[in-house]
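**Q** Provided herewith is a single structure, encoded as structure tokens, for subsequent inquiry.
The values are calculated or read from the model by the stated rules, or taken from the named source; none is laboratory data. Computed from a predicted structure; not experimentally measured. As a convention, Cβ positions derive from the backbone with ideal geometry for all residues, glycine included, and neighbour counts pool all protein chains shown.
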């Protein structure tokens, strides 16, 4: 049983931001309007949320011309976008990444029990073209969504027909095409919405993407950084009555031959100033990923009932991941690994008015069924299975959260969740064993959260509090077999225990008609983190480290300083330490936490024409040198250069023109100075100068 820590103390010195990122011009009067946040399981504006919260809406996502979902996080302060490969992106939210952040799609939990540690590829396996908006809540803890919500919770909200806003029969369509000059990439999207207003609606969409190899001024053309991608989505919504909607949705996504370029002989190394990234050595290392999500949801409101609103969701997910590695120059030759996984989910939640506040409560359950397989040199190799074969994983939670309006200007939010997780495996074989073994384990936890928001006056408010977070060991922690760092064998351990955290946050916000700003800071207390250490045999194995912490500061301001003109400036900095042994069984010592981002930020200024048909927005993104390194970085020099990742300043310009009501063109000129740079911890450099041309037609 997880030990409940009741000593909630506030962090000091804070700088984080909860700025609504609504760049939805051409409607300048609406830039700073609050936006509804649903990742908190209740409808709130960002001004009302006692967390650091962001929304990236559909217009901002399209005008930023991002190629993937991880790229969109470049517009969120305090988030480091790490790219092991150009097709694999993993946001570091307040120092945590991969399975230590929780990913939702339309509120459905996407994290599963096979997700490996560190920067992962899974966040890039969902179609950015199908997004209506992206919601991110930082430091939320485990009360509302359970295990894994440590750095943050992200909800990807997909597009629908908006049939309740239509009248009579309707039929709409949209086509979009984008071309990137640097990589000679092509992205296409075709979608349609149709139905009968107020009664039912349906949406269909398909995306096709052919990404080419990127090029920069130092390394040149990075062969095998391109890959193909296809996606399809369908959503049907119908009105049961005026207040109740039933939704059936299906999404499919496929990527083929995404190379981990940094590990391969096509990586010649990179030198920039006194920093040097080493060349790769594998003949090939590729990933194929295929995913689908289907869900059925009933949600609505009740009049004159204790239960005011409700939502019930059943979901099914299917994923097929496979990796191919040819280490023919190292004597181990060729390894194939694959995982087939089925996930069944159920989620129910309610909202009721209770006394001077609102009660949100419910339960969720997810079950993973896993098949795992591996070969070495074409022969079945049970010791290389990515996780144990014939495995299952169950996670259940029941939660309640009360939002209490204690005073006219004081809101207090308290919550609690009970979590239970169980893992079972039938076929697990460690290196050197001759037979499979089986096993099981289970864990439970009670997580608490206490947050508050105080309105100083009509413009200023304070927010903050403390939230516990919990992460039960998953199948990869327990039985995983992967390649880490520069290609070192990394294995799980069936004896690891859950990770425990407390997120502390304190911040201040300012809102008026011209300025939206927020400053805040956070401190995350870490207990029992699962980490990989040298096993003394040339590989790495998972253990629970002793303790650690991550703290940082974030700030953001958006200012409409004149009619049709807005400017934005944001920045963030962090640091952290972990106490762990460097070798299995060795003494623990303090070391820098993995991939702490340096001081980084961005500035942009935007002009929109008086008729709202044209906009132009120069942007500057910058980061100091990433040289706050951890000892493990010495084994990861293909991604993290010796002496640290060089700092950078990147200049870009984005613009668009609405030719008529049905046709828009966009142009992005990125990295105008054609500098060579990479995001800290990434496996390849970003593109040199790149012109992005987009055309969107609607009907």
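**Q** Please tell me if residue 388 is buried (at least 22 other Cβ atoms within 10 Å of the Cβ), closer than 25 Å to residue 439 by Cβ and touching a helix residue (DSSP H, G or I) at 6+ places or on another chain (Cβ under 7 Å).
**A** Details: buried (at least 22 other Cβ atoms within 10 Å of the Cβ): yes; closer than 25 Å to residue 439 by Cβ: yes; touching a helix residue (DSSP H, G or I) at 6+ places or on another chain (Cβ under 7 Å): yes.
The answer is yes for residue 388.
**Q** From 681, 694, 644, grab the single residue that is surrounded by fewer than 21 Cβ atoms within 10 Å (Cβ to Cβ), out of contact with any helix residue (DSSP H, G or I) (no Cβ under 7 Å at 6 or more places or on another chain), at positive phi and in contact (Cβ under 8 Å) with a residue 40 or more places away in the chain.
**A** The unique qualifying residue is 644.
**Q** Got a number for residues in the stretch 445-473 being part of a loop (DSSP other than H, G, I, E, B) and closer than 22 Å to residue 417 by Cβ?
**A** Result for the stretch 445-473: 2.
**Q** Residue check, residue 224 against (1) out of contact with any helix residue (DSSP H, G or I) (no Cβ under 7 Å at 6 or more places or on another chain); (2) on the phi > 0 side of the Ramachandran plot, all met but one. Which one?
**A** Unmet condition: (1).
**Q** Among the residues of the stretch 474-488, is any outside any loop (DSSP other than H, G, I, E, B), without any contact (Cβ under 8 Å) to a residue 60 or more places away in the chain and surrounded by fewer than 19 Cβ atoms within 10 Å (Cβ to Cβ)?
**A** Within the stretch 474-488, none of the residues are outside any loop (DSSP other than H, G, I, E, B), without any contact (Cβ under 8 Å) to a residue 60 or more places away in the chain and surrounded by fewer than 19 Cβ atoms within 10 Å (Cβ to Cβ).
**Q** So which residues in the stretch 26-64 are farther than 25 Å from residue 414 by Cβ and either surrounded by 23 or more Cβ atoms within 10 Å (Cβ to Cβ) or modelled with pLDDT of 70 or more (or both)?
**A** Within the stretch 26-64, 56, 57, 58, 59, 60, 61, 62, 63, 64 meet the criteria.
**Q** Quick check on the stretch 424-433: of everything there that is out of contact with any helix residue (DSSP H, G or I) (no Cβ under 6 Å at 6 or more places or on another chain) and assigned to a strand (DSSP E or B), which residue is surrounded by the fewest Cβ atoms within 10 Å (Cβ to Cβ)?
**A** Here the residue is 426.
**Q** Hey, among 414, 345, which residue is over 23 Å from residue 289 (Cβ atoms), surrounded by 16 or more Cβ atoms within 10 Å (Cβ to Cβ), modelled with pLDDT of 95 or more and touching a strand residue (DSSP E or B) at 6+ places or on another chain (Cβ under 7 Å)? I'd like the intermediate steps shown before the answer.
**A** Numbers: 345 fails: over 23 Å from residue 289 (Cβ atoms).
One residue alone meets the criteria, 414.
**Q** On to the next question. Just to be sure, is residue 280 crowded, with 18+ Cβ neighbours inside 10 Å and in a loop (DSSP other than H, G, I, E, B)?
**A** In short, yes.
**Q** Sort out which residues of the stretch 91-105 are within 15 Å of residue 76 (Cα to Cα) and part of a strand (DSSP E or B), and write them in order of number.
**A** 91, 92, 93, 96
**Q** Now for a different question. Could you pull out the residue among 74, 67 that is assigned to a loop (DSSP other than H, G, I, E, B), on the phi < 0 side of the Ramachandran plot and modelled with pLDDT of 80 or more?
**A** The match here is 67.
**Q** When you scan the stretch 146-189, how many residues do you find that are closer than 22 Å to residue 248 by Cα and either part of a strand (DSSP E or B) or touching a residue at least 60 places away in the same chain (Cβ under 8 Å) (or both)?
**A** 17
**Q** Would the stretch 533-542 turn up any residue that is modelled with pLDDT of 90 or more and under 30 Å from residue 450 (Cβ atoms)?
**A** no
**Q** On the given criteria, is residue 652 at positive phi and either assigned to a strand (DSSP E or B) or more than 25 Å from the chain's Cα centre (by Cα) (or both)?
**A** no
**Q** Applying the selection to the stretch 580-603, what residues are part of a strand (DSSP E or B) and either buried (at least 16 other Cβ atoms within 10 Å of the Cβ) or on the phi > 0 side of the Ramachandran plot (or both)?
**A** If the condition is that a residue be part of a strand (DSSP E or B) and either buried (at least 16 other Cβ atoms within 10 Å of the Cβ) or on the phi > 0 side of the Ramachandran plot (or both), then 580, 581, 591, 592, 600, 601, 602 are the ones that fit.
**Q** Right, something else. Under the condition of being in contact with a strand residue (DSSP E or B) (Cβ under 8 Å, 6 or more places away or on another chain) and part of a loop (DSSP other than H, G, I, E, B), which residue from the stretch 219-241 is nearest to residue 188 (Cα to Cα)?
**A** Top of the filtered list is 226.
**Q** Being closer than 23 Å to residue 70 by Cβ and modelled with pLDDT of 95 or more is true for just one of 147, 185. Which residue is that?
**A** It is 185.
**Q** Looking at the stretch 551-558, is at least one residue without any contact (Cβ under 8 Å) to a residue 60 or more places away in the chain and either within 30 Å of residue 512 (Cα to Cα) or within 29 Å of the chain's Cα centre (by Cα) (or both)?
**A** Looking for residues that are without any contact (Cβ under 8 Å) to a residue 60 or more places away in the chain and either within 30 Å of residue 512 (Cα to Cα) or within 29 Å of the chain's Cα centre (by Cα) (or both), one finds none in the stretch 551-558, hence no.
**Q** Then there's this: Looking at residue 495, is it part of a loop (DSSP other than H, G, I, E, B), out of contact with any helix residue (DSSP H, G or I) (no Cβ under 8 Å at 6 or more places or on another chain) and either under 21 Å from residue 554 (Cα atoms) or at pLDDT below 95 (or both)? Before the answer, list the steps.
**A** Values: part of a loop (DSSP other than H, G, I, E, B): yes; out of contact with any helix residue (DSSP H, G or I) (no Cβ under 8 Å at 6 or more places or on another chain): yes; either under 21 Å from residue 554 (Cα atoms) or at pLDDT below 95 (or both): yes.
Yes.
**Q** Counting only residues that are under 18 Å from residue 482 (Cα atoms) and part of a strand (DSSP E or B), which one in the stretch 283-308 is nearest to the chain's Cα centre (by Cα)?
**A** Residues of the stretch 283-308 under 18 Å from residue 482 (Cα atoms): 283-289.
Of the ones still in play, those that are also part of a strand (DSSP E or B) are 284-289.
Details: 284: 27, 285: 24, 286: 22, 287: 19, 288: 20, 289: 17 Å.
Within the stretch 283-308, the match that is nearest to the chain's Cα centre (by Cα) is 289.
**Q** A further question follows. So which residues in the stretch 121-145 are in a strand (DSSP E or B) and over 12 Å from the mean Cα position of the chain (by Cα), if there are any at all?
**A** 131, 132, 133
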